[in-house]
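Here's the structure we're looking at; comments come further down.
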Amino acid sequence: METIVQKIRGDALPFSEQEEETLRLAGDIIRRGGLVAFPTETVYGLGGDALNPASSRKIYAAKGRPSDNPLIVHIADREALAQIVRNIPDSAVRLAEAFWPGPLTMILEKADIVPYETTGGLDTVAVRMPSHPAAREFIRRAGGYVAAPSANLSGKPSPTVAKYVVQDMDGRIEMILDGGNVEIGLESTIIDLISYPPMVLRPGYVTVQMLRDVLGDVQEDCTIMRDDSGQAPKAPGMKYRHYAPRGELTIVDGAQEDVVKYINSRLDRFRQQHKKTGVIATGASVQKYRADSCKSVGDRNNEDTVARELYRVLREFDDENVEIIYAESFDTDGIGQAIMNRLLKAAGHRVVYI
Ligand code: TXA
Ligand code: MG
């Protein structure tokens, strides 16, 4: 299959005539049962018609993803929600008012029109209304309900730039909308509104504290920050090896100077073994390391920058065939919880405390 790649801007509306044409074509592809990757404010999504079981099956095939891992249904306006859920609890109304459009996914009871192929056999459905203007226009033109997991091959870090969507999906889907760099860089927060009190299944840019400010009592799935090998996470997708680079990644936690010293001594050892090494550091520390490939994920005091860079850096290590990777650790305040949740999974929970 030949994959069409077309540019689309993320900001400045209105769209140009060329962009309008691109969005119309993308929408038509979805309506006819095809697949289109598109930018959102979190990560790139791999879209298909959420109400068409054949489309969902194609998504699983294109990603190489197990079909018991449910998809998020993306909508463009709030009215669309009522069509795909059995009822809208008061908590959903309040969260939608506070955080939609934006990086929050809500789990609700599904209506009959949502096929089990989309929900991985569950009676619940995950719904999100993205804020990215091109994403929403695309969803409207696609018929209003776009099922979309992240646009990576199963097991790889989610794409935050179109280049990695092309790397994973070229030849597998009809079209890729290239919207440049995404804004946030980590997947949406997922909250289950069926359990009581509501439960966060995946941390993201909308933090647990922000959710508590709106809803009061909110619990967290215990597998978010701990090794989940013995526990089944509530979001089926969180159980799979995820976000992982091919190299062996270890997180080192401690006082900055000790961390640098420890990592450099390990790097020297691996260099003697002729292994290619990498380090994930921040702007303030990146020059202190002796790895083959030292990468900064931004500014420790501005964790938004770290969220935005993390997946790109993990994928670059794959491009460079780095075999051994050490990462500094991050605070778990604010979006730091989502950063450490992804980093811990990428590291298979290998952490050295010094
Ligand atoms: O930011 C995002 O959410 C991105 C963009 C494209 O919107 N999408 C995304 O989708 O991250 P995906 O498929 O990579 O992750 C969806 C997660 C999976 O862990 C899945 O198990 C969980 O959501 N999920 C979906 N439906 C669910 C349900 N009904 N109950 C529990 N978990 C669900
Ligand atoms: Mg994903």
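The values are calculated or read from the model by the stated rules, or taken from the named source; none is laboratory data. Everything numeric here is computed off the predicted structure, so don't read it as measured data. Every residue, glycine as well, gets a Cβ built from its backbone with ideal geometry; the counts of neighbours run over all protein chains shown.
Overview of results
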read-out: Residue that is farthest from ligand 2 (Cβ to nearest atom) [pool: residues in the stretch 77-98 that are more than 24 Å from GLY27 (Cβ to Cβ) and part of a loop (DSSP other than H, G, I, E, B)]; value: ASN87
read-out: Filtered residues of the stretch 58-75 (kept if closer than 13 Å to ILE173 by Cα and away from ligand 2 (no atom under 16 Å from the Cβ)); value: LYS58
read-out: All positions within the stretch 3-52 that are more than 12 Å from ASP178 (Cβ to Cβ), of a type in the set (Gly, Ala, Ser) and modelled with pLDDT under 95; value: ALA12, SER16
read-out: Yes/no for ALA142 being touching a Ser or Thr at 6+ places or on another chain (Cβ under 7 Å), under 23 Å from ILE107 (Cα atoms) and surrounded by 24 or more Cβ atoms within 10 Å (Cβ to Cβ); value: no
read-out: Pairs with Cβ under 7 Å, 6+ apart, first in the stretch 58-76 and assigned to a helix (DSSP H, G or I), second within 12 Å of ligand 2 (Cβ to nearest atom); value: ILE59/LEU46; ILE59/LEU71; ILE59/PRO149; ALA62/LEU46; LYS63/LEU46; LYS63/PRO149; LYS63/LEU153; LYS63/SER154
read-out: Qualifying residue in the stretch 145-156 (condition: more than 16 Å from ligand 2 (Cβ to nearest atom) and over 17 Å from the mean Cα position of the chain (by Cα)); value: yes
read-out: Total residues in the stretch 140-175, condition within 14 Å of ligand 1 (Cβ to nearest atom), outside any loop (DSSP other than H, G, I, E, B) and under 25 Å from VAL297 (Cβ atoms); value: 6
read-out: Candidate set: the stretch 183-233, residues that are surrounded by fewer than 22 Cβ atoms within 10 Å (Cβ to Cβ) and hydroxyl-bearing (Ser, Thr, Tyr); chosen: the one modelled with the highest pLDDT; value: THR207
read-out: The stretch 315-354, residues that are assigned to a strand (DSSP E or B) and buried (at least 22 other Cβ atoms within 10 Å of the Cβ); value: ILE324, ILE325, TYR326, ALA327, GLU328
read-out: Residue in the stretch 333-353 that is more than 25 Å from SER150 (Cα to Cα), more than 24 Å from the chain's Cα centre (by Cα) and not small (Gly, Ala, Ser) present; value: yes
read-out: Test result for GLY45, touching a strand residue (DSSP E or B) at 6+ places or on another chain (Cβ under 8 Å), under 28 Å from ALA338 (Cβ atoms) and not β-branched (Val, Ile, Thr); value: yes
read-out: Which numbered condition VAL114 misses (of (1) near ligand 1 (Cβ under 9 Å from one of its atoms); (2) surrounded by 15 or more Cβ atoms within 10 Å (Cβ to Cβ)); value: (1)
read-out: Number of positions in the stretch 99-126 that are among the β-branched types (Val, Ile, Thr) and either more than 16 Å from ligand 2 (Cβ to nearest atom) or touching a Phe, Trp or Tyr at 6+ places or on another chain (Cβ under 6 Å) (or both); value: 4
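Table: residues versus (1) surrounded by 16 or more Cβ atoms within 10 Å (Cβ to Cβ); (2) of a type in the set (Gly, Ala, Ser).
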position: GLN18; (1), (2): no, no
position: GLY27; (1), (2): yes, yes
position: LEU35; (1), (2): yes, no
position: PRO39; (1), (2): yes, no
position: TYR44; (1), (2): yes, no
position: ARG65; (1), (2): yes, no
position: GLU79; (1), (2): no, no
position: ALA92; (1), (2): yes, yes
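Yes/no matrix, rows are residues, columns are (1) in contact (Cβ under 8 Å) with a residue 24 or more places away in the chain; (2) aromatic (Phe, Trp, Tyr); (3) part of a strand (DSSP E or B):
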residue: ASP11; (1), (2), (3): yes, no, no
residue: PRO14; (1), (2), (3): no, no, no
residue: GLY27; (1), (2), (3): yes, no, no
residue: THR40; (1), (2), (3): yes, no, no
residue: GLY48; (1), (2), (3): yes, no, yes
